[in-house]
1. How much length, in nm to one decimal, is gained on full extension between Asp151 and Thr276, taken as 0.36 nm per residue of separation minus their Cα-Cα distance?
2. Cα-Cα over 23 Å: which of Lys67/Lys167; Lys245/Lys309; Lys67/Lys184; Lys86/Lys245?
3. Please report, ordered by residue number, every helix of the chain (full DSSP H runs) that is 27 Å or longer along its axis going by C-alpha atoms and whose mean Kyte-Doolittle hydropathy reaches -1.0.
4. Straight distance only, please: which aspartates and glutamates reach the Cα of Lys282 with their own Cα at less than 20 Å, same-chain residues fewer than 8 apart left out?
5. Evaluate 2.2 N^0.38 Å with N set to the residue count of segment 109-196, then give the Cα radius of gyration divided by it.
6. Can you work out the FRET efficiency for the pair Thr47 and Ala305, with r the C-beta to C-beta distance and R0 = 25 Å, to the nearest 0.05?
7. Given a Förster radius of 25 Å and the C-beta distance between Ile265 and Gln227 as r, what FRET efficiency does 1/(1 + (r/R0)^6) yield to the nearest 0.05?
8. Of all DSSP beta bridges in the chain, what percent run antiparallel (nearest 5)?
Amino acid sequence: MEAVLKNKVIIGTRGSALALWQAEWVKDRLEKLSPGINIELNKIRTTGDKILDVPLAKVGGKGLFVKEIEEALLEGTADIAVHSMKDVPTEFPLGLHLAVICEREDPRDAFISRLSDGRFQVPAFDALPHGSVIGTSSLRRSCQILCKRPDLKIQQLRGNLNTRLKKLDEGRFDAIILAAAGVKRLGWDKRITEILPPEISLPAIGQGAVGIECRIGDAAIHSLINQLNHAETAICVTAERALLKRLEGGCQVPIAAHARLHDGIITIDGLVGSVTGDRIVKDRIEGNLDRAESLGVQLAENLLALGAKEILDEVYGRNEPPVNGEISS
């Protein structure tokens, strides 16, 4: 018996400008692929949106930017949830799963310095004066930056893209670091001073990719959204998330990974660092793309053997096992 789609499909989403861009993009794609479909957005305020005065690493908890949206899926007030993949935990509530991973934007980080008379005051990361103040809420970014430049001062930066750029322009920071994907999607490309190479800042797990979560048994919804799955992105993000799950990664520790495909071979870079950036463990692995997930796990094992275990033990202790799944980036 063929699954019948409801007259109206509801997308659960956060209310930030970037989240709405992503939800509208999914809505537009689905409407073009299935003419006549009625799609609405349900804007949901998550715990992560409510807590703006505390670093996310200190808040802790699971799924700070997805929990309330997942509750809407379970309650039936949303049919699909559109997420930034870097916010999605590796484990899901009973009855829900990650059904689709859409094509990835640029996964790298963007270095943005202040403008003066239309020119960047600091033309590149390497040109930052001694003691410059950098704004970021990400332990992953600050760890890698401090490893390269321990003289820099890191200050917390929360809020939506407009808020962060405004704080930069007001002179609170010499530069800020954001996900390039979000800056590009919202049309602020010209504000990017430099795209940071992975050698300076290895990206967050899933950064730049959009995921769609839904109820496991909803066949009609699956039939609708499966058209948006991007195989290459899904393979790469799955490998990165396998590493994260094995490391039991949480927002209290800097973890990064970046996977890419070329001629049927997947290459994955992984990193675990101390919060202060004084210790960073890196490694790389490659193999056939059909082994993507197992390679992600093996890379995590390699990192643990190289010293990541000691870093993770110090951050978490081992009396209270961490909840895997999210990284503040």
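1. Difference between extended and current length: 43.8 nm.
2. Distance filter (> 23 Å) returns Lys67/Lys167; Lys67/Lys184.
3. What comes out of the filter, once short or polar helices are dropped, is none.
4. Once the sequence-local aspartates and glutamates are set aside, what remains near Lys282 is Asp109, Glu199, Glu240, Glu248, Asp269, Glu293, Glu301, Glu310, Asp313, Glu314, Glu326.
5. In units of the globular-protein estimate, segment 109-196 measures up at 0.98.
6. After rounding to 0.05, the efficiency reads 0.10.
7. According to the calculation, E is roughly 0.40.
8. The antiparallel fraction comes to roughly 75 percent.
None of the figures in this text is laboratory data; all of them are computed from the coordinates on show. Computed from a predicted structure; not experimentally measured. FYI the Cβ positions are ideal-geometry reconstructions off the backbone, even for glycines, and counts take in every protein chain you see.
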